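The numbers here are math on the coordinates, done by the rules we state, and not lab data. Keep in mind the model is a prediction, meaning the values are calculated, not measured.
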């Protein structure tokens, strides 16, 4: 991330990386919850389900932020750079 310029494009990359982590955690907790349920560890399965629900909520929040603002801003930044470089090359 050190190589990324500050701005919405970098923020979009951070959100993307965060969602990768959330998806990994969702898969892990979902698998563990199912194992606990299969083995009859209902208390553990219930706790893992709570954690799974929290991870899903975090992923949904990241998606909301990305879709509502950051991805739009990143797209506008990129379009602005392309327009600027196209204008410079025509001179």
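Quick look at the numbers
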| item | result |
| --- | --- |
| Cα-based helix-to-principal-axis angle, 8-38 vs the chain, degrees rounded to 10 | 10 degrees |
| Helix 71-90 axis, angle to the chain major axis (alpha carbon atoms, nearest 10°) | 20 degrees |
| Relative contact order of the chain, pairs being alpha-carbon contacts under 8 Å that are 6 or more residues apart, as % | 39 percent |
| Per residue, the convex hull volume that the Cα atoms of the range 9-80 enclose (Å³) | 57 Å³ |
| Rounded tilt (10° steps) of 42-65 against the dominant C-alpha axis of the chain | 10 degrees |
